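The block underneath contains the structure these notes are about, expressed in structure tokens.
The values are calculated or read from the model by the stated rules, or taken from the named source; none is laboratory data. What you see is a predicted model; the values in this text were computed from it and never measured. With ideal geometry, Cβ positions are generated from the backbone for all residues, glycine too; neighbour counts draw on all protein chains shown. We work out accessible area using only protein heavy atoms, side chains counted, and drop any ligands, DNA or RNA first. Shrake-Rupley method; radii C 1.70, N 1.55, O 1.52, S 1.80 Å.
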Amino acid sequence: MTFEKRILCIGAGYVGGPTMAMIASQCPRCRVTVVDINPERIAAWNSDNLPIYEPGLDELVRATRGKNLFFSTEIERGIRENDIIFVSVNTPTKSFGLGAGMAADLQYWEKTARQILEFSESSKIVIEKSTLPVKTALAMERILNCRENGICFDVLSNPEFLAEGTAVRDLKHPDRILIGSRETEDGLKARQTLVDIYASWVPKERILTSNIWSSELSKLVSNAFLAQRISSINAISALCEKAEADVAEVSRAVGMDSRIGPKFLNASIGFGGSCFRKDILNLVYLCRNYGLDAVADYWESVVKINDYQQERFIRNMLGAMFNTLAGKKICLWGFAFKANTGDTRESPAIFIARRLLEEQAEIVVSDPKALKNARTDLKGVEGQIRYIEDPLQAAEGCHAIALLTEWDLYRNLDFPKIFDSMAKPAFIFDGRNILDHRRCFDIGFNVYPVGKPPLTHF
Ligand code: UDX
Ligand code: UDX
């Protein structure tokens, strides 16, 4: 079979893998190759045990792998043989030097740009998929166009808006696809090539085009706005606990205003995930860099409220459990940063587990998909930690359950049985407000939701 387009993606992570599987499945006339420096990851993509858990992903990969979707470690060959290159390598927060803890670490990204330059034997379209600070495309253009051998590169920005746990659905039915380019003749031509790929399955009115800087910035701003809503409702949850209001009732009333809308207003232990914190800090760094300190302070407060909310959860536990957790057994239900994923990056559970161990509690970590990552996250942390997948077994003999991830399976467990198996008085701290609090209370638990009055037997 001859293919119309040959597409490469560098970086086989949470973004690159699913995105390319979707393109391959929707564009049978495109040959899609995903490469990565990590051979274990590529081997996993080529096995029955994919490296990431995402509902619907197994089926998608099974239907396309070996036909027009390929996973490989041959980066140089991939660069040589493909005309359209997505760059989806990770851009974590910098941990050293200038901007440490705030700015994006661009070393992998720059290394990749240099590899593209070195191994290209023909002109190519290079697409930024990774979230990057504004004006990164400019740096990429400068690196890529520094040789005068007739080979040209058009750099596009095409940020990914998929959320983990719903990645396949988000990719199939995106709210919008954003494609930023230079507004030159070549830039517009490259932009059209990418529009045509997405138009295979995305309605035309959902494909937005813009200048390249707007596109880069829109990704950061989208994530900042989403995170800001969570910090706003979490800030209000603290007030609700003092004012005897119920944050779920407040968020329902507020969200029914069609100008505000109901989504992303669930109070919680705080947001996690690889993007929100990193992208906001990036935005903050950018603003400071341009001397916009008031703007930077405004966005930084979103992250501060998130830290505050996690610490508040621990303080509420301490206060409720007679100001000492030392020697007590506490079961964590959920370790993933949200339900339906095994991903634990920036999960509030990591902070909460560490803080509980600092208080000398013994913890039992339970999660249906994230135990492997949890073990890595807590490696070397001092204290008593056990890992038990079954939530009933995990809670046995514990003084408290802290529900940290909103997995559906926690909603309908045999709570009377769980209560009987626990030390008394038994506590539940519902960090996601998903349990039937009244029912748990009636069984005998002391129940502490987020942003609602506790139900206690004292
Ligand atoms: C990444 C970025 O974190 C995010 O900023 C961006 O929006 C999308 O890409 P994700 O896919 O979740 O998100 O990251 P990760 O799962 O860490 O995958 C990145 C992959 O790139 C890894 O498999 C890594 O091995 C690979 N990589 C990294 C390369 O192939 N080459 C490199 O030089 C560096
Ligand atoms: C996010 C963006 O939604 C997505 O568009 C972008 O491409 C990547 O970052 P993701 O991190 O996968 O996606 O998950 P998301 O559903 O946004 O949740 C992020 C965090 O916020 C989770 O920890 C979640 O539990 C928390 N959250 C979400 C709340 O605490 N309350 C809410 O109401 C919604």
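Annotations
- Near pairs, Cβ below 8 angstrom, 6+ apart or cross-chain, from segment 267-279 (open to solvent by less than 10 Å² (accessible area, probe 1.4 Å) and more than 7 Å from ligand 2 (Cβ to nearest atom)) to any residue that is in a loop (DSSP other than H, G, I, E, B) and basic (K, R): I269/R432
- Selection count where residues are free of Cβ contacts under 8 Å to residues at least 40 places away in the same chain, of a type outside the set (A, V, I, L, M, F, W, C) and either within 9 Å of ligand 2 (Cβ to nearest atom) or open to solvent by 60 Å² or more (accessible area, probe 1.4 Å) (or both), scope segment 233-266: 8
- Any hit, segment 395-409, residues being without any contact (Cβ under 8 Å) to a residue 12 or more places away in the chain and out of contact with any Ser or Thr (no Cβ under 8 Å at 6 or more places or on another chain): no
- Take the conditions (1) modelled with pLDDT of 95 or more; (2) surrounded by 18 or more Cβ atoms within 10 Å (Cβ to Cβ); (3) of a type in the set (D, E, K, R); E216 misses just one of them, which is (1).
Residues checked against (1) modelled with pLDDT of 95 or more; (2) among the basic types (K, R); (3) out of contact with any Asp or Glu (no Cβ under 7 Å at 6 or more places or on another chain):
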residue	(1), (2), (3)
V168	yes, no, no
L171	yes, no, yes
E183	no, no, yes
A224	yes, no, no
A227	yes, no, yes
S232	yes, no, yes
I236	yes, no, yes
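Matching residues to (1) within 16 Å of ligand 1 (Cβ to nearest atom); (2) open to solvent by 10 Å² or more (accessible area, probe 1.4 Å); (3) over 13 Å from R375 (Cα atoms); (4) modelled with pLDDT of 95 or more:
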{"residue": "L318", "(1), (2), (3), (4)": "no, yes, yes, yes"}
{"residue": "L325", "(1), (2), (3), (4)": "no, no, yes, yes"}
{"residue": "F335", "(1), (2), (3), (4)": "no, no, no, yes"}
{"residue": "T341", "(1), (2), (3), (4)": "yes, no, yes, no"}
{"residue": "P348", "(1), (2), (3), (4)": "no, no, yes, yes"}
{"residue": "R354", "(1), (2), (3), (4)": "no, yes, no, yes"}
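- All conditions but one from (1) among the charged types (D, E, K, R); (2) open to solvent by less than 40 Å² (accessible area, probe 1.4 Å); (3) more than 14 Å from L332 (Cα to Cα) apply to K424; the one that does not is (2).
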